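J.: Dropping a structure here in structure tokens format, bear with me for questions.
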Amino acid sequence: MPGTNVKTDESQEIAEYWNNIAHQFDAIYTGEKNPVSRGLDRWLRRDIYQRFEWVMSEAGDARGMKICDIGCGSGRFVASLAKRGAEVTGVDFAPEMLKLGAQLAEKEGVADRTKFVLSDVLDWKTDEKFDLVIAIGFWDYVADPLPRLQVIRKLTKMTFLSAWPRAGTLRAAIRSVRLKAAGCPVYFFRLSQAEDYIQRAGFRVESHQILGQLHCIRSTAV
């Protein structure tokens, strides 16, 4: 998960938070919880599953594609896209998340088509270009998206898929209190803000869907 450039110490705070809850968060996907917790996830965190299906649908036939997942977390998108035949790089700065991602890739038999990079995207030194770049569950933790979007634009040859937490909802207010109490800053965006950031970075917005608490936006490099 990413950091933010508003305070010099927020990146470390956010990395530590996600490192500490890596296994707990990944259990949302594995379902390794008691029945009540699984039911609450399906109800309150439904958009986590919806955004996954959205990315898989938008990615389409991924065979032969080079894909990058910015803020890849425990590698769920990385492994699934690799199973579709893509070569996938996951970037995150929580080491425990990347450890889970590498384990999942090995378990799913796609370790040879995946790579995991321990870095904030702002600090990642690479000349690679990708057909598709995704940033899902990423902007929640970035106060000023533009610098990272500009880096992402340099990485992107064709398509960029991003999910932005919606401002102004009741769940946004509750989540803000909960995460800040846990030491993890969180940010929310109106659609107009998200689209403005994306366009200023050099993308053209192609489509938008609201999935639960998220603005899901498909863009292309221009």
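Please treat every number below as a calculation from the coordinates, not as lab data. Quick caveat, the model's predicted, so the values are computed rather than measured. Positions of Cβ are generated from backbone atoms using ideal geometry, with glycine treated the same way; all protein chains shown enter the neighbour counts.
J.: Just subtract the alpha-carbon distance of Q193 and A143 from 0.36 nm times their residue separation and send over the number in nm, one decimal. Walk me through the intermediate numbers first.
T.: Details: separation 50, 0.36 × 50 = 18.00 nm, distance 1.20 nm.
Residue separation times 0.36 nm, minus the Cα-Cα distance, leaves 16.8 nm.
J.: Could you grab the relative contact order for region 10-221? Cα pairs under 8 Å, six or more apart, rounded to a whole percent. Write out the running numbers ahead of the final one.
T.: Working: 374 pairs, mean separation 40.4, N = 212.
With pairs under 8 Å counted, the relative contact order is 19 percent.
J.: For the pair V177 and S119, how long in nm is the line joining their label points, each one 7 Å along Cα→Cβ?
T.: It works out to 4.0 nm between the two label points.
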